[in-house]
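Below is one structure; the comments refer to it alone.
The values are calculated or read from the model by the stated rules, or taken from the named source; none is laboratory data. It should be emphasised that the depicted structure is a prediction, and the values quoted were computed from it without experimental measurement. With ideal geometry, Cβ positions are generated from the backbone for all residues, glycine too; neighbour counts draw on all protein chains shown. For the accessible areas, the whole protein counts, side chains as well, though only heavy atoms, and no ligand, DNA or RNA atoms are used. Shrake-Rupley method; radii C 1.70, N 1.55, O 1.52, S 1.80 Å.
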Amino acid sequence: MKLRLSYKIIGFGAIALIALVFGGYFYFTWGLPSLEKIEDYHPQRVTKAFSRDGRLIGEFYTERRIVVGLERVPKHLIHAFLAAEDSHFYEHEGISYLAIFRAMYKNVLAGKVVQGGSTITQQVAKSFFLTPERKISRKIREAIMAYRIEKHLTKDEILHLYLNQIYLGNGVYGVQTASDAYFGKGVERLTLAEAAILASLPKAPSKYSPFVNPALAKKRQEYVLSRMVEEGYIKQAEADKAVAEKFKLNTERKTDALWVGPYFTEHVRRYIEEKYGEDTLYKGGLTVHTTLDVDAQKAANAATSAGLREYDKRHGFRGAQRALKTPEETALFKAEMDKRLAALPMAEGDLFQAVVVSFNQKDSSLLVEAGSRKGVISKNDMDWARLYNPEAKPDAGKYVELKKLFKQGDILEVRLKAAPANAPLQLQLEQEPLAQAALIAMDPETGHVRAMTGGLDFSKSQFNRAVQAFRQPGSAFKPVIYTTAIDAGYTPASIIMDSPLVFEQTKDAADNGKEPEKDQWRPKNYDEHFAGPTTFREALAKSRNVVTIKILKDIGVGRVIEHARLLGINSPLAPDLSLALGSSVVTPLEMTTAFSTLANLGSRAAPVFITKITDASGNILEENGSVFTPAISPQTAYVMTNLLQGVIENGTGARAKALGRPAAGKTGTTNDLNDAWFVGYVPGLAATAWVGYDDQRMLGGHETGAVAALPIWLKFMKEALADQPVRNFQAPDGVEFVKIDAVTGLSPSGTTQNAIFEVFKTGTGPRSATTDKSGAKDFSMMDTDSKTPLEKVAEPPQETSR
């Protein structure tokens, strides 16, 4: 009876045990994912953007990973990982019981989970399917998944997944990406010492990072090498040699082109995300070929920064960034600067912060400290600060002695001029500009955008003013009107009277028995003078507002808007006479497109940023060639180009003559001096420079396009074209040069004192002093009524446009 009862107990116990085992198995396997994800391995990959000459300019990813085949991974790197992470990898079936018991023993002693016994297969399971939480249940599920993986994949396939999937710190995944990030080389070129460093990282990527803790990284490297000796992968002599090797970390970016044009790259990123989606952008491993010219972009960056800083200094010093009040604050600041300068060594032209130590009364120099380095700012290198303008108003400020501006403990922005070995740093005083600028450059013959800056500092403002800012172009819009006028029959020799003009508009009469009020608009020129009879050429070169208004009134606003559309300006344009002064807002990209159309003899090239996109398998997703649209005749475009050359030779763009090669362009300054432009081109390259405040405040007195924007354009063009041959604008068939009287615009007569050759469409030049036998429209001494209704002017604009 007792024996039978014992059998029953044993039976029930066995059933319970079986039930517990199977129940536990089903409990821990419930909800585990299938192996399809791992069998069809498609890891998250980096999307890369390249410049026109194949240099890397941008990367987009959630996990920075470059997949590499196992055949490219050197044996000593594989052995380093096996020795450090799983020396019995090729022997077990996914689980190492010895490692598990060792880990359990240490966890029991610690009273918590402090060590894992995970094999490489288990790490792959956790990486693909499980969370990193430290719980017993997760370890059991991990072991089950590892066993399943071992049954479905070969050991080499598992190792391939591991070496490409593992996180190795510094934001990188996989051995190829880590090799590049830490050592600046491909994985196949790693030395034994470098391989041991990478193999030391999986345990604690941040703790053992050679960038963060080089001493700990070195100790961990020695441990990995000793394990390789123990496992018979290398000899002790090889390990000793590797320990002694002084490897060089990749402290610099692998390419000086990466993020060289952040506004350009961000424009590309936004396009891809909008068209292909976020997942494809950040995980799809696309290859994006762009039109960016790295050297031109560097020139654009330098020109934008220099131009804004020159403008900012013209309006005075706003004071120190802040002041350190106590010795403790000063010591902390110096320590932070030392750490920053150690991570990124100083180079000539670099900007950084320094603290004021004292002012030298003898030579009016300023002694400062940048971390532990002493520096000197000479009087000449801070003389601009004598104009003290703490309220940052464009035309405010007063002159103050330098010694009264600086106090001990003041934090200043400085630029490194020179760093002598045994002498103080030579520095110059700087301050961050408050104004913004944009520059965009395009090849007129292809539409390829070569460079783009959308502001001073992308890290502080991602708003791209080159393509997103809608600003009044001022007189930079006048070439659109003059181009339309040429198609309407005007010639460079047409004479228009620059004389006072009054527009009147009667307001609705108030119901009070009084006479209705009248509004008057009296357009003025920038210099507030009238030049009398003025040639078409002279009116554009000198940017005469009144003449432009008369031309616009004669040819019709609607016709000008049509031409603007043909030239590539698609923004809404006011259908009134204020258009003559550039009152309607446009983007720098639109202005560049319009002037590029003139440069390309009337054929408008659509702007191109991306030439080709391929997926991770090399399939072409899109390919963009140049797209041209006939806009105006080659003859009109060439005549206009010749007129815009005159703006530089004899007009408001005279500063651009310093370029030293044929160029055409137009300045632009808007109402209240709150926008400054210069749009210009040479054969093969067109560019627009714009300067202004985001809040539309005034730039300040005399800050015209010629003063604020043109220097940016000029500096950029000089650098971008430095190695390019000088080219002339080629005249098309259908134009001719005819000698005329420069004053009357007619054929020279016996009284002509200044005869010049002028460009005309064939057959439209003057044939005598009194008649035009070609049948071209005669605009000699054209004037309009001194008073005309203000029916097409919504609000009388101001006339500061130039």
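Points to keep in mind about this one:
- Tally, over the stretch 396-424, of residues that are free of Cβ contacts under 8 Å to residues at least 60 places away in the same chain and either buried (at least 19 other Cβ atoms within 10 Å of the Cβ) or assigned to a strand (DSSP E or B) (or both): 3
- Reported count of residues in the stretch 306-333, each being buried (at least 18 other Cβ atoms within 10 Å of the Cβ) and either of a type in the set (Ser, Thr, Tyr) or over 21 Å from LEU456 (Cβ atoms) (or both), is 3.
- Residue match in the stretch 288-295 (condition: farther than 23 Å from ALA437 by Cβ and buried (at least 21 other Cβ atoms within 10 Å of the Cβ)): yes
- The C-beta contact set for the stretch 725-741 (first residue closer than 13 Å to PHE760 by Cβ, second residue charged (D, E, K, R) and surrounded by 12 or more Cβ atoms within 10 Å (Cβ to Cβ), distance under 9 angstrom, 6+ apart or interchain) comprises GLY734/LYS761; VAL735/LYS761; GLU736/LYS761; PHE737/GLU758; VAL738/GLU758; VAL738/ARG767; LYS739/GLU758; ILE740/GLU758.
- If you filter the stretch 57-93 down to residues that are open to solvent by less than 20 Å² (accessible area, probe 1.4 Å) and of a type in the set (Phe, Trp, Tyr), you find that the one that is nearest to ALA199 (Cα to Cα) is PHE81.
- When each of VAL585, VAL560, VAL547 is tested for being surrounded by fewer than 18 Cβ atoms within 10 Å (Cβ to Cβ) and either of a type outside the set (Ser, Thr, Tyr) or within 30 Å of GLU703 (Cα to Cα) (or both), the lone residue that passes is VAL585.
- Against the conditions (1) at pLDDT below 95; (2) more than 28 Å from the chain's Cα centre (by Cα); (3) assigned to a loop (DSSP other than H, G, I, E, B), ALA616 satisfies every one except (2).
- Given (1) part of a helix (DSSP H, G or I); (2) open to solvent by 10 Å² or more (accessible area, probe 1.4 Å), index of the condition GLY625 fails: (1)
- Against the list (1) in contact with a Gly (Cβ under 6 Å, 6 or more places away or on another chain); (2) closer than 23 Å to THR119 by Cα, the condition GLU222 fails is (1).
- Among the residues of the stretch 450-480, the ones that are closer than 28 Å to THR636 by Cβ, of a type in the set (A, V, I, L, M, F, W, C) and open to solvent by less than 10 Å² (accessible area, probe 1.4 Å) come to 4 in all.
- Highlighted here are the helices (runs of 4 or more DSSP H) found entirely within the stretch 28-120 that include at least 1 residues which are modelled with pLDDT of 90 or more and out of contact with any Lys or Arg (no Cβ under 6 Å at 6 or more places or on another chain): 75-85.
- Single residue of the stretch 640-699 satisfying the filter (assigned to a helix (DSSP H, G or I) and among the basic types (Lys, Arg)) that is surrounded by the fewest Cβ atoms within 10 Å (Cβ to Cβ): LYS657
- Answer residue from the stretch 342-391, given it is in a helix (DSSP H, G or I) and open to solvent by 50 Å² or more (accessible area, probe 1.4 Å) and is farthest from ASN250 (Cα to Cα) among those: ARG386
- Residue within the stretch 253-267 that is open to solvent by 80 Å² or more (accessible area, probe 1.4 Å), at pLDDT below 90 and more than 26 Å from ILE712 (Cβ to Cβ) present: yes
- Whichever residue in the stretch 145-182 is among the hydroxyl-bearing types (Ser, Thr, Tyr) and closer than 13 Å to ALA125 by Cα and, among such residues, is least open to solvent (accessible area, probe 1.4 Å): TYR162
- Scanning the stretch 384-419 for residues that are within 32 Å of the chain's Cα centre (by Cα) and within 30 Å of ASP672 (Cα to Cα) returns TRP384, ALA385, ASN389, PRO390, GLU391, ALA392, LYS393, PRO394, ASP395.
- The set of residues in the stretch 440-476 that are under 15 Å from ALA594 (Cα atoms), part of a loop (DSSP other than H, G, I, E, B) and of a type in the set (A, V, I, L, M) comprises ALA466, VAL467.
- Of the residues ALA242, ALA215, ALA300, the single one that is without any contact (Cβ under 8 Å) to a residue 60 or more places away in the chain and either crowded, with 21+ Cβ neighbours inside 10 Å or at positive phi (or both) is ALA242.
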